[in-house]
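Engineer: Here you go, one structure.
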Amino acid sequence: MNESDYEDAVVNFYERLYAFGYSLAGNQDDASELTQEAFYRLLTKGAMVRDSSKIKSWLFTTLYRLFLSWERRRTLLPHFEISSVEDEIAPVTPEQMDVLQDSAVRDSLLELEERYRAPLILFYLNDHSYEEIASILAVPIGTVMSRLSRGKVLLRQRLAARAIGTEANSKITHLKSQLNSASRAI
């Protein structure tokens, strides 16, 4: 696909594609995101469309598949407003936050299995896209997304456990020093 074909597709189909995205998603932000992603894929994978008369159907099919993918992800990983689940979230004290330093993050990341660690490093530290990570690791994009999701959960758990463990060790050390001071005074 050349630049002229791409520009023609944007001019001819953007409004209808956006309207289709809006009818599926029900809001402007998601409709814009779906439309932009569909056009991005046309730009990057437009060579797959051999017959230029099929661009319109390719765009609508792509947008619809993107929407279905989003819906599957929302079903598997529902979004909750913090206010509706704050009673279920363990409180993090300022002391715990102080404990979470770079070395703790690095050590916790290194403790993760390679299949979770590699996507996390590629995505968050090396700014690779899902597609690039899938290509690098030779796995499907869905696998990349699930490993990122699971890896983040595991990393959070390890960091929380490390913070709680460090805080507990600090309290024990403080209590021991108080006991030693008290026993010397007696």
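The values are calculated or read from the model by the stated rules, or taken from the named source; none is laboratory data. Here the structure is a predicted model, which is why all the values come from computation and not from measurement. Glycine gets a Cβ as well: all are built from the backbone with ideal geometry, and neighbour counts include every protein chain shown. Remember, those area values only see protein heavy atoms, side chains included, never the ligands or the DNA or RNA. Shrake-Rupley method; radii C 1.70, N 1.55, O 1.52, S 1.80 Å.
Engineer: Which ³J(HN,Hα) values, rounded to whole Hz and listed in residue order, are derived for segment 11-26 from phi using the Karplus coefficients 6.51, -1.76 and 1.60 in 6.51 cos²θ - 1.76 cosθ + 1.60 with θ = phi - 60°, glycine and proline given as x?
Structural biologist: Running phi through 6.51 cos²θ - 1.76 cosθ + 1.60 with θ = phi - 60° gives 4, 7, 10, 4, 4, 5, 5, 4, 4, 5, x, 5, 5, 7, 7, x Hz.
Engineer: Please give me, ordered by residue number, the trypsin sites (Lys or Arg not before Pro) of segment 40-88 that lie in loop per DSSP and have at most 11 other Cβ atoms within 10 Å. All intermediate terms of the calculation are to be shown ahead of the outcome.
Structural biologist: On the way: sites: ARG41, LYS45, ARG50, LYS54, LYS56, ARG65, ARG72, ARG73, ARG74; in loops: ARG50.
Taking segment 40-88 and a limit of 11 other Cβ atoms within 10 Å, the loop trypsin sites (Lys or Arg not before Pro) found are ARG50.
Engineer: With every protein chain left in place, what is the accessible area per residue of segment 10-85 in square angstrom, probe 1.4 Å? Kindly include the intermediate steps, with their values, before the conclusion.
Structural biologist: Values: 5260 Å² over 76 residues.
Using a 1.4 Å probe on heavy atoms only, each residue of segment 10-85 averages 69 Å².
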